[in-house]
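As structure tokens, the structure follows; a few thoughts come after it.
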Amino acid sequence: MDKVRIDKWLWAARFFKTRSIAKQAIEGGKVHAGGQRVKASKEITTGTLLTIRQGWDERVVEVIALSDQRRGADIAQTLYRETEESIAKREQFAADRKANNATISHERPNKKQRRQIHRFLQESND
């Protein structure tokens, strides 16, 4: 196998659960090959660099092997290799996200905190 459609490969490599979801991601501009947007019918070969955005994460992977059949997760992971820069960038971004969420409280202020807020707002208006 010399070439395979990018939507089939993304599905076989288990980046997306179905081919139609992979196709939607490609059409939505979430997948780039060689820095350029691609169509779902684009045929890729080994050595192609893909940039894949999923939720908060962005991965840069190199295609090592081709497959158009979905197999187990351990086999799917042998189809690609994520670049070191991509791994470091993802981990740093995840740590930053975690640090930002730790400081944000989603609880309602209690009575004492509401009074403090009202006092602060009154002082700033005066």
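Restricting the search to segment 105-116, which residues are part of a loop (DSSP other than H, G, I, E, B), modelled with pLDDT of 85 or more and open to solvent by less than 100 Å² (accessible area, probe 1.4 Å)?
Applying the first criterion (part of a loop (DSSP other than H, G, I, E, B)) to segment 105-116 yields 105-110.
This time we only want the ones that are modelled with pLDDT of 85 or more, so: 108-110.
Listed by number, the residues that qualify are 109, 110.
Applying the condition of being touching a residue at least 24 places away in the same chain (Cβ under 8 Å) and in a strand (DSSP E or B) to segment 1-37 and asking which residue is most open to solvent (accessible area, probe 1.4 Å) yields 5.
Out of all the residues in segment 93-104, which are over 21 Å from residue 15 (Cα atoms) and open to solvent by 80 Å² or more (accessible area, probe 1.4 Å)?
Taking segment 93-104 and keeping what is over 21 Å from residue 15 (Cα atoms), we get 95-104.
Answer for segment 93-104, where residues must be over 21 Å from residue 15 (Cα atoms) and open to solvent by 80 Å² or more (accessible area, probe 1.4 Å): 98, 100, 101, 102, 103, 104.
Restricting attention to segment 51-60 and to residues that are in contact with a helix residue (DSSP H, G or I) (Cβ under 9 Å, 6 or more places away or on another chain) and either modelled with pLDDT of 95 or more or not hydrophobic (A, V, I, L, M, F, W, C) (or both), the residue that is most open to solvent (accessible area, probe 1.4 Å) turns out to be 53.
Checked against (1) among the charged types (D, E, K, R); (2) part of a loop (DSSP other than H, G, I, E, B); (3) open to solvent by 100 Å² or more (accessible area, probe 1.4 Å), residue 119 meets all criteria but (2).
In the set 124, 67, 86, 41, which member is of a type in the set (S, T, N, Q), outside any helix (DSSP H, G or I) and without any contact (Cβ under 8 Å) to a residue 40 or more places away in the chain? Break it down into steps so the answer makes sense when it comes.
Details: 124 fails: outside any helix (DSSP H, G or I); 67 fails: without any contact (Cβ under 8 Å) to a residue 40 or more places away in the chain; 86 fails: outside any helix (DSSP H, G or I).
41 is the lone residue from the list that is of a type in the set (S, T, N, Q), outside any helix (DSSP H, G or I) and without any contact (Cβ under 8 Å) to a residue 40 or more places away in the chain.
For segment 70-83, residues that are surrounded by fewer than 12 Cβ atoms within 10 Å (Cβ to Cβ) and either touching a residue at least 40 places away in the same chain (Cβ under 8 Å) or in contact with a helix residue (DSSP H, G or I) (Cβ under 7 Å, 6 or more places away or on another chain) (or both) total 1.
The values are calculated or read from the model by the stated rules, or taken from the named source; none is laboratory data. Keep in mind it's a predicted model, so treat the numbers as computed, not measured. Ideal geometry is used to build each Cβ from the backbone, glycine not excepted, and the neighbour counts take in all protein chains shown. We work out accessible area using only protein heavy atoms, side chains counted, and drop any ligands, DNA or RNA first. Shrake-Rupley method; radii C 1.70, N 1.55, O 1.52, S 1.80 Å.
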